[in-house]
Amino acid sequence: MNNESAITRYLRSRPSLVLAQYATATAFTVYFCMYAFRKPFTAVSYEGYMFGTGDVTLKTALATSQILGYALSKVIGIRFCSEITRARRFAAIVGLVTLAELALLLFAILPPNLKIIAMFLNGLPLGMIWGLVVLYLEGRKTSELLLAGLSCSFILSSGFVKSAGSALMERFQLPEFWMPVATGAAFYPLFLLSTYLLDQVPQPDAEDVAMRVERKTMTRTDRFAFFRQFAFGMTLLLIVYFVLTAYRDFRDNFAAEIFKQLGYGGKPAVFAKSETYVAFAVMVPIAALNFVRNNRRGLFGAFAIMCTGCLMLAAGTWALDRQLISGLTWMVLVGTGAYLTYVPYNSVLFDRLIASTRATGTAVFAINLADSFGYAGSIGVMLVKDATFGRVTQLDFLRYLSYGMAGLGFVLLVISCIYFMLWHTHHDE
């Protein structure tokens with residue numbers, strides 16, 4: 001502790017609520033800024049550009065290439081984030097995001113058909129940022145509050161940075177291929193400051209360890225043992241996440257086209273507006289799990305939230321099909337449903353799973369494992385859309401996906417929940 005900064009010593013001496021507020025604010029800002037290096041390019045349709053001479057649009061090729069890099073990053077992160085020491089986290093986060101910004105500069109310079117290389121290089125470092133940030137927050141008695149706040153960052157930021165990128169193009173007449181690097185540069189100073197402040201968060205104390213199990217770095221043997229211990233339930237969760245990530249990314253990457261088809265074209269603010277509603281609707285139930293002290297019940301609560309999200313996808317789309325709600329309301333409802341199912345994977349689900357089963361491991365390992373499968377699904381859906389359903393609009397394709405995701409997700413999540421509740425959790429947790 002002699003090497004601790006004044007900020008760390010101050011936080012260690014303050015009540016847990018002060019630490020929770022500080023950690024949530026800094027983690028939120030770091031990940032919010034990261035999205036400025038990842039998502040602005042999706043605000044542009046790149047109309048008239050095709051990839052090569054095939055049927056795939058340039059935007060689909062760019063999004064697919066970025067996700068390929070992002071997915072590979074998640075695979076690398078299974079080991080990297082599980083083994084990295086506390087002392088190396090700050091340098092790792094800053095270095096990875098800086099590489100992503102340099103890739104966006106390359107994106108602006110390269111000719112259209114080579115821009116996919118830049119987007120692959122952009123996604124490659126960014127996939128590990130979530131895991132590195134979560135390492136500061138997991139395994140604490142207030143983890144639900146911390147992770148709920150962090151999760152709001154990727155819900156809010158996606159819409160906000162797309163709105164910001166569109167506004168930059170309009171205000172400064174930026175070429176569409178230069179807008180992403182300009183947006184990243186605008187957020188870079190805030191990113192550096194917030195990352196430094198996040199790195200001052202003290203390690204979990206004795207009370208945290210007693211309530212949520214100590215989180216240690218994991219060797220290759222530990223990682224295999226963790227998966228084998230929960231193989232059936234984890235496989236079901238991975239299948240759901242495979243489809244869910246594809247759904248979430250399709251809605252996110254093609255939001256500009258979907259909103260236009262819903263009648264909201266030419267309104268950049270609609271991205272941020274819709275996701276603001278979604279973020280608050282998702283944050284409340286996730287944060288409420290913090291009041292469930294029993295870890296077994298907390299795990300059940302996470303599954304209940306995820307199942308509710310699946311049902312919202314079907315209910316919202318059914319209402320749109322019968323013209324009972326507006327297009328914006330539908331986007332808010334399916335966004336809320338998708339993120340109610342998605343956010344627990346990246347926050348409370350695995351944290352409660354480890355705490356209630358007393359398993360050896362970190363939530364970050366399980367999160368990266370799920371993500372490495374999930375983004376493969378995202379790539380597949382985008383390619384299938386252009387190659388097989390080229391004449392189906394993005395709006396109609398998302399409607400079909402909503403029904404499919406709702407049915408498959410609900411059934412598999414219920415089975416997985418029963419599996420963990422009956423065979424792995426401790427009743428005294």
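The values are calculated or read from the model by the stated rules, or taken from the named source; none is laboratory data. Please read all numbers here as calculations on a predicted model, not as lab measurements. Note that we place each Cβ from the backbone using ideal geometry, even for glycine, and neighbour counts take in every protein chain shown.
Computed quantities for the displayed model
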| item | result |
| --- | --- |
| Candidates Val414, Val348, Val392 - the one that is among the β-branched types (Val, Ile, Thr) and without any contact (Cβ under 8 Å) to a residue 12 or more places away in the chain | Val392 |
| Given (1) surrounded by fewer than 24 Cβ atoms within 10 Å (Cβ to Cβ); (2) modelled with pLDDT under 95, number of the condition Gly159 does not satisfy | (1) |
| When residues of segment 89-144 are limited to those that are assigned to a helix (DSSP H, G or I) and touching a Lys or Arg at 6+ places or on another chain (Cβ under 6 Å), the one farthest from Asn346 (Cα to Cα) | Phe107 |
| Breaking point among (1) touching a residue at least 12 places away in the same chain (Cβ under 8 Å); (2) in contact with a Phe, Trp or Tyr (Cβ under 9 Å, 6 or more places away or on another chain); (3) not small (Gly, Ala, Ser), for Tyr277 | (2) |
| Condition check for Gly127: in contact (Cβ under 8 Å) with a residue 12 or more places away in the chain and closer than 27 Å to Ala376 by Cβ | yes |
| Checklist (1) of a type in the set (Ser, Thr, Tyr); (2) closer than 21 Å to Thr26 by Cβ; (3) at pLDDT below 85 applied to Thr195, failing item | (3) |
| Selection from segment 357-383 of residues that are hydroxyl-bearing (Ser, Thr, Tyr) and either surrounded by fewer than 24 Cβ atoms within 10 Å (Cβ to Cβ) or within 16 Å of the chain's Cα centre (by Cα) (or both) | Thr357, Thr360, Ser372, Tyr375, Ser378 |
| Candidates Val75, Val30, filtered to the one that is farther than 20 Å from Lys162 by Cα and of a type outside the set (Lys, Arg) | Val75 |
| Residue within segment 87-104 that is in contact with an Asp or Glu (Cβ under 9 Å, 6 or more places away or on another chain), over 18 Å from Glu176 (Cβ atoms) and of a type in the set (S, T, N, Q) present | no |
| Those residues of segment 55-80 which are at pLDDT 90 or above and touching a Pro at 6+ places or on another chain (Cβ under 9 Å), in sequence order | Gly69, Ser73 |
| Criterion (assigned to a helix (DSSP H, G or I) and free of Cβ contacts under 8 Å to residues at least 24 places away in the same chain) met by exactly one of Val30, Val18, Val75 | Val18 |
| 3 or more residues over 23 Å from Gly165 (Cα atoms): qualifying helices (runs of 4 or more DSSP H) within segment 223-342 | 231-253, 269-288, 295-321 |
| Boolean, Lys216 is at pLDDT below 85, surrounded by fewer than 18 Cβ atoms within 10 Å (Cβ to Cβ) and within 21 Å of Ser157 (Cα to Cα) | no |
| Residue check for Thr393: surrounded by fewer than 18 Cβ atoms within 10 Å (Cβ to Cβ) and modelled with pLDDT under 85 | no |
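Matching residues to (1) of a type outside the set (Asp, Glu); (2) crowded, with 20+ Cβ neighbours inside 10 Å:
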{"site": "Val133", "(1), (2)": "yes, yes"}
{"site": "Glu144", "(1), (2)": "no, yes"}
{"site": "Leu190", "(1), (2)": "yes, no"}
{"site": "Tyr196", "(1), (2)": "yes, no"}
